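Q: What follows is a single structure, and I will ask about it in a moment.
The values are calculated or read from the model by the stated rules, or taken from the named source; none is laboratory data. Fair warning: this is a prediction, and the values are worked out from it, not measured in the lab. Virtual Cβ from ideal backbone geometry, glycine too; neighbours counted across all protein chains shown.
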């Protein structure tokens, strides 16, 4: 499933086609994707100008002039393509290829700019929903999400507070969207490696312990290193256009290339890339997900 860097890459690719343009006509070619479309889904979109195109965790969010927000999730196989005149573009380099059969083109936005934005989803695990912007705090899909890992709110102190007294593993805590929003398996593995922290380490070790003289809960050096690593790996991945794995590519065949920068993910049995380490990357199953790490330098 696309993670934060891939969704951000898609957002940046869609922005020129959608932001500031009116949705002249909208098509919902099915009654549902992962969830049924709202009965007034098309009516609430048509004639509305997209005033802004943002992202929250792994969600795309289009603000409409009406005060509504169109929430979009790519799911496992969802992707967009933009057609403008004779040109075609596939914003975001992390998605499945498409043949000539357009049977999986489920939602189409005809924009006043002349561009046509098409959402394609073979597995139909993606979804879209419209809600009022002033009710965003009540939206179940967004309620409870933690801070953005690239936002100003996310720092070592915040992460330490969120992990203090947690008895779960560090990796499990980072994958908890209530702790930090948008991180997935790939980038958690990579960030933990860069911070030289074991995925098995207790999350609580990111915060100081309570003693007679101190209340505890302050960020440890581990927390500071980890936040720095998360920032670095996400920014590098966004710059690279995300990660293309297996059959994820543009219709042109172009790939996101951050997968060529993986240091542990999907590198089982290969030498650790930490200078002077000499360890071997291992894989084990943790909370139902494959975890890649170097047992020698990640402690």
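Q: Does residue 291 count as modelled with pLDDT of 55 or more and buried (at least 21 other Cβ atoms within 10 Å of the Cβ)?
A: yes
Q: Further question: Among the residues of the range 271-284, which ones are under 27 Å from the mean Cα position of the chain (by Cα) and loosely packed, with under 15 Cβ neighbours inside 10 Å?
A: 284
Q: Here are the criteria: (1) over 30 Å from residue 66 (Cα atoms); (2) modelled with pLDDT under 95. Tell me which single one residue 172 does not satisfy.
A: (2)
Q: Filtering the range 88-117 down to residues that are outside any loop (DSSP other than H, G, I, E, B) and at pLDDT below 70, which residue is nearest to residue 128 (Cα to Cα)?
A: It comes out as 89.
Q: I've got another one for you. For a quick check of your reading: which helices (runs of 4 or more DSSP H) sit entirely within the range 118-212 and have at least 3 residues that are within 19 Å of the chain's Cα centre (by Cα) and buried (at least 16 other Cβ atoms within 10 Å of the Cβ)?
A: 170-175, 185-194
Q: May I pose another question? Tally time: how many residues in the range 126-150 are in contact (Cβ under 8 Å) with a residue 12 or more places away in the chain and within 22 Å of residue 50 (Cβ to Cβ)? Break it down stepwise before answering.
A: Restricting attention to the range 126-150, the residues satisfying the condition of being in contact (Cβ under 8 Å) with a residue 12 or more places away in the chain are 126-134, 136, 139, 141-142, 144-150.
Those still in the list that are within 22 Å of residue 50 (Cβ to Cβ) too: 126-134, 136, 139, 141-142, 148.
Final tally of qualifying residues: 14.
Q: Moving to a separate point now. Would you check if residue 221 is closer than 18 Å to residue 297 by Cα and in the same structural domain as residue 265 (by TED's automatic domain parsing)?
A: Values: closer than 18 Å to residue 297 by Cα: yes; in the same structural domain as residue 265 (by TED's automatic domain parsing): yes.
Yes.
Q: Name every residue in the range 1-30 that is part of a loop (DSSP other than H, G, I, E, B) and either over 16 Å from residue 118 (Cα atoms) or in contact (Cβ under 8 Å) with a residue 40 or more places away in the chain (or both), in order of residue number.
A: 1, 2, 3, 20, 21, 29, 30 - these are the residues of the range 1-30 that are part of a loop (DSSP other than H, G, I, E, B) and either over 16 Å from residue 118 (Cα atoms) or in contact (Cβ under 8 Å) with a residue 40 or more places away in the chain (or both).
Q: If you scan the range 17-40, which residues turn out to be within 17 Å of residue 75 (Cβ to Cβ) and surrounded by 16 or more Cβ atoms within 10 Å (Cβ to Cβ)?
A: Selection gives 28, 33, 37.
Q: Looking at the range 65-75, is at least one residue farther than 30 Å from residue 298 by Cβ, assigned to a loop (DSSP other than H, G, I, E, B), in the same structural domain as residue 54 (by TED's automatic domain parsing) and at pLDDT below 95?
A: yes
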